[in-house]
């Protein structure tokens, strides 16, 4: 009884039965009265006082015959209507069930991992919308699967490099090919730190994407936080002969997790430094715009193409397409965007093109 096909057929039959019963009752109640009225107007002797045996008897018999004929006609009509409604219901149910069967088959293919299945759109608008949703789901699952496979490959690569170095040094020391000196042990320590940093970044990425960052939100001077985070990287910019301009006046109050915001600023300035050649400039500026605090990190570096802009926040994506040994795990921007969104803000990127530099803008709600 709960099957959709059965309910569709029963609904058509029920409509037909209700319509037929209503028609039967109305006609059965109204037809004799109309017939009597017609006989009184059209037959002079009918009910005209010629005696009880004249006109009324024949009129009563004729009236009964008419009522019986109407009853039979109505019964036949109702039966035909019910059969027709049932047949139409079966036809309509088959069309709907056939379309739903295609949806079920498509979702089964998706569940089996065949994300390239495309479901044809039925003629029914509601089912066509469902088919479009299923097709979009397949495309998104395919993209998610591709991202997952790329993520596994990137993680494997990031792990392989330091492990290879550690294994080589340890094996060399065991075989006494390499001396157990402070320099060699320091190399192993550096690679161990890299592995630990990768693990911490992956943990932070997981928390950011699942909304489990656990922010400690307190009213803070955002300008001072941004300025301090940027200034910590000034020794590195000086070594790279890159000019660092910090324009972040104190007094810009916002309810934030100061450590997390400093992490975002540090990551943005670090990325800008890696993208900027000697003689370039990195500008860090914070200001209030409407109800938001806006922190902008702009550089005069290599810039980003339109394709790179669309992918720059993806996990393990590097705009240069190269792997830089100490450049980080490639998920810093993904984590930074998660931190921004956890604050109720957003992190966006902009660039006029390759060779035109790039800017990253962090928007956070101000303290009301």
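The values are calculated or read from the model by the stated rules, or taken from the named source; none is laboratory data. This is a predicted model, so every value here is computed, not measured. All Cβ positions, even for glycine, are placed from backbone atoms using ideal geometry, and neighbour counts span all protein chains on display.
With respect to residue 19, determine if the residue is closer than 19 Å to residue 70 by Cβ and modelled with pLDDT of 70 or more.
So residue 19 fits the description; yes.
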### Message
Just to confirm my filter: which helices (runs of 4 or more DSSP H) fall fully inside the range 172-241 and include at least 2 residues that are touching a strand residue (DSSP E or B) at 6+ places or on another chain (Cβ under 8 Å), modelled with pLDDT under 85 and closer than 22 Å to residue 360 by Cβ?
### Response
none
### Task
Considering each of 82, 13, 70 in turn, give the residue that is modelled with pLDDT of 70 or more, under 43 Å from the mean Cα position of the chain (by Cα) and surrounded by 16 or more Cβ atoms within 10 Å (Cβ to Cβ).
13
### Query
Taking interchain pairs and intrachain pairs at least six residues apart, which have beta carbon atoms under 6 angstrom, with the first residue in the range 162-180 and within 17 Å of residue 191 (Cα to Cα) and the second not in a helix (DSSP H, G or I)?
172/178; 173/180
### Query
Any idea which residue in the range 136-160 is farthest from the chain's Cα centre (by Cα), counting only those that are surrounded by 14 or more Cβ atoms within 10 Å (Cβ to Cβ) and closer than 20 Å to residue 191 by Cβ?
159
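Based on what the data block shows, is residue 150 without any contact (Cβ under 8 Å) to a residue 12 or more places away in the chain, in a helix (DSSP H, G or I) and not assigned by TED's automatic domain parsing to the domain that holds residue 259?
In short, no.
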### Message
When you scan the range 120-134, do you find a residue that is closer than 30 Å to residue 146 by Cα, modelled with pLDDT of 75 or more, touching a helix residue (DSSP H, G or I) at 6+ places or on another chain (Cβ under 8 Å) and loosely packed, with under 13 Cβ neighbours inside 10 Å, even just one?
### Response
yes
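Let's see how each residue does on (1) over 35 Å from the mean Cα position of the chain (by Cα); (2) in the same structural domain as residue 343 (by TED's automatic domain parsing); (3) under 20 Å from residue 333 (Cβ atoms); (4) not in a strand (DSSP E or B):
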| position | (1), (2), (3), (4) |
| --- | --- |
| 250 | yes, yes, no, yes |
| 260 | no, yes, yes, yes |
| 279 | yes, yes, no, yes |
| 298 | no, yes, yes, no |
